[in-house]
1. Give me the pairs: first residue in the range 52-78 and in contact (Cβ under 8 Å) with a residue 12 or more places away in the chain and under 18 Å from ASP206 (Cβ atoms), second residue open to solvent by 20 Å² or more (accessible area, probe 1.4 Å) and of a type in the set (Lys, Arg), beta-carbon distance under 8 Å, and six or more apart or on different chains, which are they?
2. Have a look at LEU245, LEU220 and point out the one that is over 30 Å from ARG74 (Cα atoms), surrounded by fewer than 19 Cβ atoms within 10 Å (Cβ to Cβ) and either more than 18 Å from the chain's Cα centre (by Cα) or aliphatic (A, V, I, L, M) (or both).
3. Could you list, in sequence order, the residues of the range 69-89 that are open to solvent by 10 Å² or more (accessible area, probe 1.4 Å) and closer than 22 Å to PRO177 by Cα?
4. Take the conditions modelled with pLDDT of 95 or more and either in a loop (DSSP other than H, G, I, E, B) or open to solvent by less than 40 Å² (accessible area, probe 1.4 Å) (or both) and apply them to ALA3. Does it pass?
5. Considering only the range 180-210, state which residues are part of a strand (DSSP E or B) and under 22 Å from ARG41 (Cβ atoms).
6. What's the total number of residues in the range 71-108 that are among the charged types (D, E, K, R) and in a loop (DSSP other than H, G, I, E, B)?
Amino acid sequence: TAAPSLHAGGGTAAMAAPCHPPTRFHRVHGTNVRLDASRTRATRVESFGNALCFSHEPLEPGQLFLVEIDEKERGWCGHLRVGLTALDPQSLGSVPEYSLPDLVAMGDTWVFAITRSHNRVSVDGQEEPTPAPAPLWEPELRIEGVRIPRDKLVGRSRPGRYSHLLDELYRTNVLPPTALRSRIGVLYAPRPDGTADMHIVINGEDMGPSARSLPTARPLYAVVDVFASTKSVHVIQVEYGFPSLQTLCRLVIQKHIVHRLAIDGLDLPPMLKHFCQHE
């Protein structure tokens, strides 16, 4: 799989990062977390805290660590938290109970609490204006010179009896950030001064720089806190480079149908119908 392209200063010269191995969680994690055998699924098995997870390796510039919400648990206040840390998880004497404030208080850590709304917040604490949502058929997400195919980044609800009522949301990819199947990721984008900005991506949309002046000279690990009402997440492997022909075909189909249930009436192979509806 090709790596993301970084275009310094908006120029045309591309700096190719090394090819990335599949992303997964670190063996070091909170005491209430259970990982599956592949270390790509993290589930909190009790209480609402002690569920901190880290990426197995430091992230490369422009590399997105992306997870999908698999399971929720009622009765708790709060949701998933994501961010970056320059602390090596292996060097931690014990994993803190919470990312906020415990891990952040240890220094060189930047964590963002995901909420049902108001996730587009700038570093000075003021909410940024919300731009018009990008439609699904815009193939690339661009963040300060980083380009990532958008398709894998978007969480999709399952089509059902009343899907046609929700399809305007489906088309504008505004699945609620804390909903099941929502996809949330974190990356850092280098700046000309040698530092980087941290960006949170929710269902294919960049929330803007939620932290600035991160030290790119030090390894930066992704932080995922499976907190409170978020009970289980799994890692989504991000594809870099050009979208596949299959993906481009789906985008064209989705652009022209009335609603997703109409895909059932198309003369397409069953696997392609499934892919168009909710993969």
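1. LEU66/LYS152; LEU66/ARG183; VAL67/ARG183; GLU68/ARG181; GLU68/ARG183
2. Answer to the check: LEU245.
3. Hits for the range 69-89 are ASP70, GLU71, LYS72, GLU73, ARG74, GLY75, TRP76, CYS77, GLY78, HIS79, ARG81.
4. No, not satisfied.
5. Within the range 180-210, ARG183, ILE184, GLY185, VAL186, LEU187, ILE200, VAL201, ILE202 meet the criteria.
6. The number of residues fulfilling the criteria is 5.
The values are calculated or read from the model by the stated rules, or taken from the named source; none is laboratory data. Quick caveat: nothing in here was measured; it's all calculated off a predicted structure. So basically every Cβ, Gly included, is an ideal-geometry build from the backbone, and we count neighbours across all protein chains shown. Only protein heavy atoms, including side chains, enter the accessible area calculation; ligands, DNA and RNA are left aside. Shrake-Rupley method; radii C 1.70, N 1.55, O 1.52, S 1.80 Å.
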